[in-house]
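*Asks:* Structure in structure tokens, see below.
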2 protein chains.
Amino acid sequence: MSKYQSTVDIARALNLSPSTVSRALNDHYSISAKTKQRVLDYAREVGFQKNLYASRLNHRKTFTVGILMPEISSHTFSTITSGIKEVLEPEGYDLILMHSAEQYEKEVHLINYLTSIRADGIIYSPTKETNDYAHLETILKNKIPFVNIDRGLTDFRCHQILLNDKQGAYLATQHLFDMGCRSIAHLAGPKDASNARHRIEGYQSALNANGLPFDPALITHSDFRITNSNDAIRYLLERDPLPDGIFVVNDEMALGCMHLASEKGLDIPHQLAIIGFDDEVYSQYFRPSLSTVRSPVQEMGRRAARVCLQQIENYEAYPADTQLLTPQLIVRASSRRTTPKHYA
Amino acid sequence: MSKYQSTVDIARALNLSPSTVSRALNDHYSISAKTKQRVLDYAREVGFQKNLYASRLNHRKTFTVGILMPEISSHTFSTITSGIKEVLEPEGYDLILMHSAEQYEKEVHLINYLTSIRADGIIYSPTKETNDYAHLETILKNKIPFVNIDRGLTDFRCHQILLNDKQGAYLATQHLFDMGCRSIAHLAGPKDASNARHRIEGYQSALNANGLPFDPALITHSDFRITNSNDAIRYLLERDPLPDGIFVVNDEMALGCMHLASEKGLDIPHQLAIIGFDDEVYSQYFRPSLSTVRSPVQEMGRRAARVCLQQIENYEAYPADTQLLTPQLIVRASSRRTTPKHYA
DNA sequence: TGCAATTGTGCAAACGTATGCGTAAATAGC
DNA sequence: GCTATTTACGCATACGTTTGCACAATTGCA
């Protein structure tokens, strides 16, 4: 059975008091070099590890920040995390990653875990299921530094760092229009995901601005995963007449779209122009390379971390605020049908 | 300043003793329904969260398992994690993900963190820099359930779940030979990564088995990332005569390889056959679709979790042991030059 | 009405580490 | 050689929660 030694055990073994052992382990000035050496040697020999539960019982600050994400397999997640690390690790914070796997129940459990270990701050993104924020009330009541990212929260006041999804979708749709597309379909995300909704809004807004009618038959929903999207894609590809452009809610599904379109022998981009969203690492290497909308995800992580730090330093000084990041249109071969000047 | 209320605070407010409050919060049978309700209501009102540092001070078991990975952006990592969750969450364990970012120093720090919070088990993969295992001695000395995965540890006795990388590389190289390739290059991984080394061994072994000479000029190294591999890829593509097949150490770099080869106007697979390793999600959607070697990563996670559980239940009963998982050859368009019967 | 059984609550100790304070021993200063 | 200072350590307490035990209050039963 695993059993760590304690400072008391060490004290007994070396005929010292626990306080001396504790001070020796923490390199306290008042302990003689000789005693320190004795303690350190013995501690190493028995594989001593401080019990954090005891150690932190006295201390207000834990120097840990929790990151809770619904999804960990995408480029977006790992890059956000990387941005967060960039800011928080130099400040001495440990990062604890937790994964809610798009399940509300787990999210609640893990938020409780993070507050129970008295994380100094929490950076969070909700699951697709999340529409009750009762579990976040505790965080507000205790004034825990908290930042919501990537997926917006409606009717809950807190710091948020979001992408301007509507603008990104607008850019993508406008681009397809500029490339000559006049029947633009949208392969959308889940109806209950706020960023997917905003992308639909941007899509509609761009159609509207260009005098194109909004045809509900040209929009279909799936989740964000390529493996679950074949039916939705086929629905669009088998329409008659075929749309001449598709704005896809993310690159992963856009990939599936290109794949099935190729199988059908469609010429991309001339028969069908395709643009995705997210600029995954692989998107530029595709044939044809995939046009997309890039979100400054690393910057999103950095900002979230900074906002978290500010709250840690002075909670009251920073009232809840939402930052909207600006997306960038990336034009590649999957949509480049002509080359008007402004896209040169 | 954030300040949680304690059971003592609640007790004072409700004119109860801390023990009654504690029992009420834990739904202890000996507390009256009325008192429980009073406590629960008040606790909710003030946003009470149990202090885990105090709570776990008394208890041996924490029901947490730490996962420490050098890299979190790949499909491999997220799938392994998913396999681990599949086994451990139903058993009631919380999973704590930590990221060493290929830095030995961080690895040491985070291993210490995980032992300090008395994780019931640790599932781990070393960084590329790791060749000193002093920090793992503590784990052995305290008999902490521990499983190393994906990247082998040399000269350190512990439970390991690894892929048979040599066999996978052998399969890939043999396949290129079967497709008619007679000048097979290898775009390898970092020299100090054990799985990259094993893949080189498998490559050499297959050359040898087929009577092909090993030409050191046909092997070049890079790290595993596509963004850093252009020079290495160009080195191979600019050789004269051009190799007629390349076995690439992972799919990500194979993608870069296909991309640059296409830019040079090479016909894949007929002038140059390419096969990768890992079967990333996007590989099958490429054009040409990418041949690869698939590792049962989900199963790797499941097995690691099971081995971890066994140790938690009875450490002594399971002496250190290494399991080698069998890779699977996935033949797709990037290497399918002819179609001999056994690849039909 | 008296006594036993049951119910609900409080007391006190324990978990392991950190730290203010007290003090004995060693050293310095004259 | 005596006092003053410094050095090195121990004592006691605190952190917040849990839990064995004691006990008061209530109920049940004859």
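Bear in mind that the values in this text are calculations on the coordinates, not laboratory data. Because the structure is predicted, anything quoted here is derived from the model rather than measured. When we count neighbours, we look across all protein chains shown, and the Cβ atoms used for this are built from the backbone with ideal geometry, even at glycine.
*Asks:* Which order, highest average first, do A:114-124, B:324-334, A:316-326 follow once you tally other Cβ atoms within 10 Å for each residue and take the mean per peptide?
*Replies:* My ranking of the peptides, most packed first, is A:114-124, B:324-334, A:316-326.
*Asks:* What distance in nm separates the two pseudo spin-label positions at B:Leu242 and A:Phe63, each 7 Å out from Cα along the beta-carbon direction?
*Replies:* Placing both labels 7 Å along Cα→Cβ, they lie 5.5 nm apart.
*Asks:* Which number do you get for Rg(Cα) / (2.2 N^0.38 Å) in segment A:157-214? Could the numbers behind the result be given before it?
*Replies:* Working: Rg = 12.3 Å, N = 58, 2.2 N^0.38 = 10.3 Å.
That ratio works out to 1.20.
*Asks:* Further question on the same structure: Normalise the Debye intensity by I(0) for the protein assembly as shown, one equal point scatterer per Cα, no solvent, then take log10 at q = 0.05, 0.09 Å⁻¹ and round to two decimals.
*Replies:* Normalising to I(0) and taking log10 leaves -0.28, -0.89.
*Asks:* For segment B:50-113, with equal point scatterers placed on the C-alpha atoms only and solvent neglected, what are the log10 I(q)/I(0) values from the Debye formula at q = 0.13, 0.15, 0.22 1/Å, to two decimals?
*Replies:* For segment B:50-113, the Cα-only Debye profile gives -0.45, -0.59, -0.99.
*Asks:* Follow-up. Quick one: label points 7 angstrom along Cα→Cβ at A:His270, distances to the other copies in nm, smallest first?
*Replies:* 2.2
*Asks:* What residues of segment B:91-128 lie in the reach of a label at B:Tyr315, counting those whose backbone N is under 14 Å from a point 7 Å from the Cα along Cα→Cβ?
*Replies:* Flagged as within label range: B:115-116, B:118-122.
*Asks:* Return the percentage of antiparallel bridges among DSSP beta bridges fully within chain A, rounded to the nearest 5 %. It would help to have the intermediate numbers written out before the result.
*Replies:* Numbers: 3 of 34 bridges.
Roughly 10 percent of the beta bridges in chain A run antiparallel, per DSSP.
*Asks:* May I ask you to work out the translational diffusion coefficient for segment A:1-65 at 4 °C, viscosity 1.567 mPa s, via Stokes-Einstein with Rh from the Kirkwood sum over Cα pairs, reported in whole µm²/s?
*Replies:* Numbers: Rh = 12.6 Å.
Diffusion coefficient, whole number: 103 µm²/s.
*Asks:* Relative to the longest principal axis of the C-alpha atoms of chain A, give the angle of the C-alpha long axis of helix A:104-116, reported between 0 and 90° and rounded to the nearest 10°.
*Replies:* 30
*Asks:* Report, ordered by chain and residue number, the lysines lying within cross-link reach of A:Lys191, taken as a straight Cα distance under 30 Å and ignoring same-chain residues fewer than 8 apart.
*Replies:* Straight-distance partners of A:Lys191: A:Lys106, A:Lys128, A:Lys166, A:Lys264, B:Lys85.
*Asks:* For segment B:124-244, evaluate the Debye formula with one uniform point scatterer on each Cα (no solvent term) and list log10 I(q)/I(0) at q = 0.09, 0.15, 0.19 Å⁻¹, rounded to two decimals.
*Replies:* -0.33, -0.76, -1.04
*Asks:* Would you order B:Cys158, A:Cys308 from fewest to most other beta-carbon atoms within 10 Å of each residue's own beta-carbon? Could you put the intermediate results ahead of the total?
*Replies:* Values: B:Cys158 16, A:Cys308 25.
Final ranking by Cβ density, sparse to dense: B:Cys158, A:Cys308.
*Asks:* Taking 56 Å as R0, compute the FRET efficiency from the Cβ-Cβ separation of B:Glu129 and B:Lys3 and round it to 0.05.
*Replies:* Given R0 = 56 Å and the Cβ-Cβ separation, E is 0.85.
*Asks:* Here is a further query. Using the C-alpha atoms of segment A:77-183, what convex hull volume per residue, in cubic angstrom, is computed?
*Replies:* Working: hull volume 14.9 nm³, N = 107.
For segment A:77-183, the hull spanned by Cα atoms encloses 140 Å³ per residue.
*Asks:* Still on this model: Summarise the long-distance tail of P(r) for chain B by giving the % of C-alpha pairs beyond 36 Å. Intermediate values should be presented prior to the final figure.
*Replies:* Values: 22113 of 58996 pairs.
So the portion of pairs separated by more than 36 Å is 37 percent.
*Asks:* Sticking with this one: Given only helices, namely DSSP H runs of n ≥ 4 each adding -39500 (n - 2.57), what is the per-residue ellipticity at 222 nm of chain A, to the nearest 500 deg cm²/dmol?
*Replies:* Working: 12 runs with 137 residues, N = 344.
Helices in chain A give a 222 nm mean residue ellipticity of -12000 deg cm²/dmol.
*Asks:* Sticking with this structure for a sec: Would you mind giving the three semi-axes, in whole Å and largest first, of the ellipsoid equivalent to segment A:201-268 according to its Cα gyration tensor? Write down the numbers at each step before the final one.
*Replies:* Numbers: eigenvalues 86, 42, 23 Å².
Semi-axes from the Cα gyration tensor: 21, 15, 11 Å.
*Asks:* Based on other C-beta atoms within 10 Å, arrange B:Phe77, A:Phe177 from fewest to most. Don't skip to the end; give the middle numbers.
*Replies:* Working: B:Phe77 23, A:Phe177 18.
Exposure proxy ranking, most exposed first: A:Phe177, B:Phe77.
*Asks:* Another question, then. Given a Förster distance of 41 angstrom, what is the FRET efficiency for B:Ser17 paired with A:Ser30, based on the Cβ-Cβ distance and rounded to 0.05? Kindly include the intermediate steps, with their values, before the conclusion.
*Replies:* Details: r = 39 Å, r/R0 = 0.95.
Calculated value: 0.60.
*Asks:* How well do other chains shield peptide A:45-51, expressed as the mean number of their Cβ atoms within 10 Å of each residue Cβ? Could you put the intermediate results ahead of the total?
*Replies:* Details: counts 1, 3, 9, 4, 13, 3, 7.
Across the residues of A:45-51, the mean count of other-chain Cβ atoms within 10 Å is 6.
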